[in-house]
Amino acid sequence: MNKYIKGCLVIIGVFITLAAIMIGWFFWSSDHRRKQAEIDAVEFSKECDIVKLITEQPEIQFAKFKKNEINILKFQILRQGKFIQDTLIKNGFNKRTSYDEYKSINIPYKTFLKTDTIVVTTQNKLHYYISGYHHYAYLHYGMTGYVGSNDCRFSDNPTINNEVFLRPVLFREHGWINPEVSKHIRKISVSDSIEYYNFAKKSKIKIIDADRILKEKRKNQVFRSTTTDGIEVGPKNSYYIFGEETESGTLPDDLVPRNLKHYVVKINCETGEYKRYENYPFDN
């Protein structure tokens with residue numbers, strides 16, 4: 001083997017060695033940054049928890065309400081078991097909105113404590129307890145991954161009437177008529193699949209039984225669509241919750257259905273008792 005070939009092999013070997021070192025360093029560095037990000041996420045979250053005040057004036061939305069039900073809204077701050085700062089807002093909705101059915105308004109308090117609960121009462125006496133606003137650590141990432149810095153950002157997914165929402169939307173059907181009773185009721189969402197199915201397995205009425213009861217009870221109605229909304233767990237009774245839409249007439253598929261009605265169906269998890277509500281949580 002001549003010197004030229006030997007020299008080429010040495011050079012190729014050097015390049016392969018350098019490439020291996022660089023790849024190894026890249027994977028080691030990436031793994032190190034990932035582990036450091038996990039550590040920093042915990043530490044920085046503690047720093048963000050130090051923030052006691054909410055100053056962002058969060059926006060909330062109302063869905064499926066009639067206009068005369070939310071023309072006037074009552075806001076209160078619930079702090080350490082006492083209501084403070086009663087505020088009435090009349091027609092104070094923001095003009096910009098993504099959908100006509102959603103009406104948006106900002107909470108009218110420039111500052112409130114992170115531990116406070118904001119209580120909203122509509123004209124038709126539905127109550128919404130909004131809590132859980134906080135700040136979280138947002139880690140900064142670059143082209144090569146975590147860069148070792150962060151900032152505290154506002155979390156806009158509060159707990160509304162004992163249920164965590166990805167967006168702060170107050171749905172008509174989720175309003176509380178009697179908060180002193182309703183606050184002891186917990187909802188298991190279908191999205192919490194493990195808890196949902198585990199609870200159903202322990203119930204006398206299984207999911208398949210609830211589906212059968214739902215179909216049997218609506219056999220004389222014109223069917224449009226149904227949704228499975230979860231399980232409502234109360235201190236005494238628990239219920240499967242379904243949403244239902246029906247229409248009294250039929251139209252071609254490309255036309256808007258007339259006389260569309262919304263219902264909520266509750267089926268007792270132990271007895272199979274069936275209850276159907278129009279304009280839930282109460283009838284007008």
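The values are calculated or read from the model by the stated rules, or taken from the named source; none is laboratory data. Quick caveat: nothing in here was measured; it's all calculated off a predicted structure. Quick reminder, even Gly has a Cβ in these numbers, built from the backbone with ideal geometry, and neighbours come from all protein chains shown. SASA here: full protein model, heavy atoms, side chains in, ligands and nucleic acids out. Shrake-Rupley method; radii C 1.70, N 1.55, O 1.52, S 1.80 Å.
Sorting the segments 125-137, 78-90, 48-60, 169-181 by their mean number of nearby beta carbons within 10 angstrom, highest to lowest, gives 125-137, 169-181, 48-60, 78-90. State the Cα centre-to-centre distance between segment 103-170 and segment 174-192 in whole Å. Comparing the Cα centres of segment 103-170 and segment 174-192, I get a distance of 19 Å.
Find how much the distance from T271 to C8 grows on full extension, using 0.36 nm per residue of separation minus their present alpha carbon separation; answer in nm with one decimal. List each step's numbers first, then the result.
Details: separation 263, 0.36 × 263 = 94.68 nm, distance 8.32 nm.
So the extension gain works out to 86.4 nm.
Couplings for segment 265-276, taken from phi via the Karplus curve 6.51 cos²θ - 1.76 cosθ + 1.60 with θ = phi - 60°, read 10, 10, 10, 4, 5, 10, 10, x, 4, 10, 10, 10 Hz in order; Gly and Pro are left as x.
Which of rounded, prolate or oblate describes segment 69-203 when judged by the alpha-carbon gyration tensor and an a/c cut-off of 1.5?
Numbers: a/c = 1.70, a/b = 1.17, b/c = 1.45.
Oblate, since a/c reaches 1.5 and b/c is not below a/b.
Cross-link partners for K46 among the lysines, with Cα-Cα distance under 26 Å and sequence neighbours closer than 8 places in the same chain left out: K35, K110, K114. Summed over the residues of segment 74-216 and divided among them, the accessible surface reaches 60 Å² per residue at a probe radius of 1.4 Å. Can you give the FRET efficiency for N71 and Y197, using 1/(1 + (r/R0)^6), R0 = 35 Å, r = Cβ-Cβ distance, to the nearest 0.05? Given R0 = 35 Å and the Cβ-Cβ separation, E is 0.25. Pairs exceeding a 18 Å alpha-carbon distance, out of K66/K125; K187/K266; K52/K74; K236/K275; K125/K183: K52/K74.
How high is the FRET efficiency from Q57 to M22, r the C-beta distance, R0 35 Å, rounded to 0.05? Before the final figure, lay out the partial values.
Numbers: r = 50 Å, r/R0 = 1.42.
After rounding, the FRET efficiency stands at 0.10.
Here the gap between T115 and V147, fully extended at 0.36 nm per residue and compared with their Cα-Cα distance, gives a gain of 8.3 nm. Carbon-plus-sulfur accessible fraction, segment 90-180 (probe radius 1.4 Å, protein heavy atoms only): 51%.
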